[in-house]
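First comes the structure, then the notes that go with it.
The values are calculated or read from the model by the stated rules, or taken from the named source; none is laboratory data. Note that the structure is predicted; figures quoted are calculated from it, not measured. Virtual Cβ from ideal backbone geometry, glycine too; neighbours counted across all protein chains shown. Areas reflect the complete protein model, heavy atoms only, side chains present, ligands, DNA and RNA absent. Shrake-Rupley method; radii C 1.70, N 1.55, O 1.52, S 1.80 Å.
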Amino acid sequence: MKRRILLVEDNEHNRYLITYLLEHRGHEVVHAADGPQGVRLAGQARPDLILLDIQLPGMDGYAVARALKGDPTTASIPVVAVTSYAMCGDQERIMAAGGCGYIEKPIDPETFASTVESFIPEPGGRDAP
Ligand code: MN
């Protein structure tokens, strides 16, 4: 089923690869290249899921996740961190900031799209008719 996914990622190569993998599965991908733009777009585009890089210009991924969770219009959208910033404790930090999961870079093109889909709630949940 087609879902709308917001990708907040400042690296053009990663944006290209992730967009390719998700569009290939029939999803719609909306992009933001920095934190503030990501927060703005989340409110406007109302995506089914947000993929969030941690190292971003303007506002890091933790701040973006906290802003999304602090706003009632975006609080229920699942946020999954996609990052190579895999220092000890990072996963705990993104979960503490409101994230619901974590995918490590470099991503595996074989499994990436299905891993992303596993974080999207089934229809009948949020915004169901
Ligand atoms: Mn980055």
>> When 1/r is averaged over all different Cα pairs and the result inverted, which Kirkwood radius in Å belongs to the range 4-117?
In response: 13.7
>> Which residues does the label zone of K2 cover in the range 45-75, counting backbone N under 17 Å from a point 7 Å along Cα→Cβ?
In response: 45-49
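Ignoring ligands, DNA and RNA, how do E110, E9 rank by accessible area with a 1.4 Å probe, largest first?
Final ranking, largest accessible area leading: E110, E9.
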> To the nearest 10 square angstrom, what accessible area does L17 show with a 1.4 Å probe?
Replying inline: 50
> Using a 1.4 Å probe on the protein chains only, how many percent of the accessible area of the range 4-117 belongs to carbon and sulfur?
Replying inline: 50
>> Given the whole protein assembly as supplied and a 1.4 Å probe, what does the accessible area of I120 come to in Å², nearest 10?
In response: 10
>> Could you give the length gained by full extension between E28 and A96, i.e. 0.36 nm per residue of separation minus their alpha carbon distance, to one decimal place?
In response: 21.7 nm
> In the range 1-92, which trypsin sites (Lys or Arg not before Pro) fall in coil by DSSP and have 11 or fewer other Cβ atoms within 10 Å?
Replying inline: K2
>> Under the rule of at least 5 residues apart or a separate chain, name every residue whose amide H is placed under 5 Å from the amide H of I103.
In response: A81, V82, T83
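Rounded to the nearest 500, what is the 222 nm mean residue ellipticity of the chain from helices alone, with -39500 (n - 2.57) per DSSP H run of 4+ residues and division by all residues?
Dividing the helical sum by the residues of the chain leaves -11000 deg cm²/dmol.
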> Just the accessible area per residue of the range 26-129, please: how many Å² with a 1.4 Å probe?
Replying inline: 49
> Say a paramagnetic label sat at a point 7 Å from the Cα of D71, along Cα to Cβ; which residues of the range 91-115 have their backbone N under 20 Å from it?
Replying inline: 94-101
>> Sort M1, M59 by heavy-atom solvent-accessible area, probe 1.4 angstrom, most to least.
In response: M1, M59
